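*Asks:* Sending over a structure as structure tokens; questions will come in a sec.
The values are calculated or read from the model by the stated rules, or taken from the named source; none is laboratory data. Here the structure is a predicted model, which means the values were calculated and not measured. Cβ placement follows ideal geometry from the backbone for every residue including glycine, while neighbour counts extend to all protein chains displayed. Note: accessible area is taken over every heavy atom of the protein model, side chains too, but ligands, DNA and RNA are not part of it. Shrake-Rupley method; radii C 1.70, N 1.55, O 1.52, S 1.80 Å.
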Amino acid sequence: MDILNPYNLQVLTFILLNSILAISIYITLSTGQLSLGHAGFMSIGAFTASILTKQADMPLFIAIIIGGLAAGLIALLIGAPTLKLHGLYLAIATLGFGEVIRVIFLNMKVTNGALGLTGLQSIGNYLYDFEKAIGLKAQTLGISVMQMKSLSTFLFMVLLFAVILFLTLRLNRSRLGRAFEAIKADETAARAMGLQVAYYKMLAFIIGSVLAGVCGGLFAHITTTITPDDFNYHKVVEILSYAVIGGSEVVWGPLFGALVLTALPEVLRGLAEYKMLMYGLIMVGVMAFRPHGLIGTDTFQKLFRRRKGKTGNEAKEGM
């Protein structure tokens with residue numbers, strides 16, 4: 001496989017993008033909230049960033065950050081009433097919110113209705129212009145301009161993903177992360193211990209929404225074309241599948257789910273039109289045999305036990 005092939009680089013880029021989306025749903029689920037509104041927040045970030053870059057000529061990365069903050073602001077506004085709900089009621093409320101947002105964008109002039117926005121600024125072009133300004137050209141590296149743009153986008157996504165993953169792992173080990181874990185384990189007990197449950201649930205909801213909004217802005221400027229239907233119910237199922245299939249107990253679960261579900265349609269390209277059917281079959285299988293997902297807190301414990309067992313046996317044989 002030619003790793004510098006623009007198509008292969010784009011697949012790897014989308015794996016990283018979906019991995020950030022997986023972290024966003026993981027953070028929301030870390031307080032026990034089943035939110036199905038991430039596609040809606042993603043669309044808010046995507047259209048906000050696209051309108052700012054296309055019509056207001058705002059710098060691309062500033063527009064993407066503003067798109068994420070806009071999603072967080074909407075999450076704050078709808079979070080107060082909806083986060084009082086639990087379980088399936090919260091899921092239905094947030095799913096309804098996502099559909100309302102999609103219909104609003106379908107009927108707005110500024111989003112060009114069902115046709116969406118096209119000809120958006122590409123992250124690859126933006127980065128390549130910067131690289132040329134500092135004297136780094138594709139010819140210098142012996143690759144084509146298209147390869148250089150795709151490689152720049154991929155490396156940027158690697159850096160962004162690494163930073164977000166590092167911050168998420170730090171969050172899990174912090175006082176905030178322990179509060180999230182306590183609320184997920186037993187909300188009543190957490191409240192009895194003096195934790196402000198509503199505050200922490202709102203915070204997790206907003207952080208997840210901001211990340212989803214940033215992913216929307218990135219998605220828009222990687223594909224350079226978006227429509228409201230890019231963020232429909234199928235996108236909701238896809239995002240939730242990362243956590244359901246991979247597992248939501250540790251951050252590695254949704255990341256593994258994002259890797260498998262993004263790469264699988266490429267490996268089985270001839271069956272790409274049956275992608276949602278494959279998702280459904282995999283979810284049924286996981287629910288039957290691994291209800292907590294393929295990767296959980298016990299996965300690494302079992303792995304370490306096996307390694308310790310092998311090390312112990314080797315030591316005995318050496319004696």
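*Asks:* Ignoring solvent entirely, what values of log10 I(q)/I(0) come out of the Debye formula for segment 2-53 at 0.22 Å⁻¹ when each Cα is a single scatterer?
*Replies:* -0.89
*Asks:* In whole angstrom, how far apart do the alpha carbon centroids of segment 120-175 and segment 206-253 sit?
*Replies:* The distance from the Cα centre of segment 120-175 to that of segment 206-253 comes to 20 Å.
*Asks:* Hey, another quick one. Pulled fully out, how much extra length does the chain show between residue 160 and residue 276, if you take 0.36 nm times their separation in residues and subtract their Cα-Cα distance?
*Replies:* Values: separation 116, 0.36 × 116 = 41.76 nm, distance 2.82 nm.
Length difference between fully extended and current span is 38.9 nm.
*Asks:* Sticking with this structure for a sec: So, with a 1.4 angstrom probe, what is the percent of accessible area on segment 18-88 that is carbon and sulfur? Present the calculation step by step, with values, prior to reporting the outcome.
*Replies:* Numbers: 1830 of 2410 Å².
Carbon-and-sulfur percentage of accessible area, whole number: 76.
*Asks:* Compute the distance in nm between two label points, each set 7 Å from the Cα along the Cα-to-Cβ direction, one at residue 62 and one at residue 174.
*Replies:* Going by the 7 Å Cα→Cβ label model, 2.7 nm.
*Asks:* Please report, to one decimal in angstroms, the Kirkwood hydrodynamic radius of the chain built from all distinct Cα-Cα pairs.
*Replies:* 20.9 Å
*Asks:* Shifting gears a bit: Modelling each spin label as a point 7 Å along the Cα-to-Cβ direction, I'd like the residue 192/residue 229 distance in nm, to one decimal.
*Replies:* In this crude label model, residue 192 to residue 229 measures out at 5.2 nm.
*Asks:* Using DSSP to call loops (not H, G, I, E or B), can you name the trypsin sites (Lys or Arg not before Pro) in segment 133-187 whose Cβ has at most 13 other Cβ atoms within 10 angstrom?
*Replies:* Numbers: sites: 137, 149, 170, 173, 175, 178, 184; in loops: 137.
Loop-located and lightly packed - 137.
*Asks:* Efficiency by 1/(1 + (r/R0)^6): what FRET value for residue 73 and residue 2, r their Cβ-Cβ distance, R0 = 35 Å, to the nearest 0.05?
*Replies:* Once rounded, the FRET efficiency stands at 0.20.
*Asks:* Let me ask something else. Taking the Cβ of residue 121 as the center, what net charge do the other residues with Cβ under 11 Å away carry, scoring Lys and Arg +1 and Asp and Glu -1? Don't skip to the end; give the middle numbers.
*Replies:* On the way: positive: 54; negative: 57, 129.
Once all neighbours under 11 Å are counted, the net charge is -1.
*Asks:* Sticking with this structure for a sec: Counting Lys +1, Arg +1, Asp -1, Glu -1, what net charge surrounds residue 41 among other residues with beta carbon under 12 Å of its beta carbon?
*Replies:* Numbers: positive: 102, 235; negative: none.
Counting the neighbours of residue 41, the net charge comes to +2.
*Asks:* Multiply the residue gap between residue 237 and residue 136 by 0.36 nm, knock off their C-alpha separation, and tell me the result in nm, one decimal place. Show your work: numbers first, answer last.
*Replies:* Numbers: separation 101, 0.36 × 101 = 36.36 nm, distance 4.13 nm.
Working it through step by step, the gained length comes to 32.2 nm.
*Asks:* In whole percent, how big is the carbon plus sulfur part of the accessible area of segment 140-288, probe 1.4 Å, protein atoms only? All intermediate terms of the calculation are to be shown ahead of the outcome.
*Replies:* Values: 4760 of 7110 Å².
The nonpolar share, carbon plus sulfur, comes to 67 percent.
*Asks:* Oh, and also: Points 7 angstrom from Cα along the Cβ direction at residue 55 and residue 86: gap in nanometres?
*Replies:* 4.3 nm
*Asks:* Something else about it: Once you wrap a convex hull around the alpha carbon atoms of segment 151-255, what is its projected area averaged over all directions, in nm²?
*Replies:* That works out to 7.9 nm², a quarter of the Cα hull's surface.
*Asks:* Compute the accessible area per residue over segment 80-188, keeping the other protein chains in place, probe 1.4 Å, unit Å².
*Replies:* On the way: 6520 Å² over 109 residues.
The answer is 60 Å² per residue.
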